[in-house]
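Derivation of every value follows stated rules applied to the coordinates shown; laboratory data play no part. No experiment lies behind these values; they were computed from the predicted model shown.
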Amino acid sequence: MAVLRMILTILFIIDCIVLTVIVLMQEGKDQGLGSLSGISETYWGKNKGRSMEGTLVRITTIVAVAYIVLSIILNLNF
């Protein structure tokens, strides 16, 4: 069991680093004055899920869920 706990701890540390890097790579969510005139409804605003930003948001969600699952597993007493 000690080997499994060590492997999970290493995965948890890697997950923490990856989550930090991905969050720092994302752009800010503030729209500024562009949101007043509807500029966010352009082609890039509508297709944000296919862009790099959309991909980063999707990866952030997956890594955050892995972080939560690993933290729960590591807190169990086995």
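The table for this structure:
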item	result
From phi via Karplus (6.51, -1.76, 1.60), per-residue ³J(HN,Hα) for the range 58-66 in Hz, x at Gly/Pro	5, 5, 4, 4, 5, 5, 5, 5, 4
Rounded to whole Hz, the Karplus (6.51, -1.76, 1.60) HN-Hα couplings of the range 12-24, x for glycine and proline	5, 5, 4, 4, 4, 5, 4, 4, 5, 5, 5, 5, 6
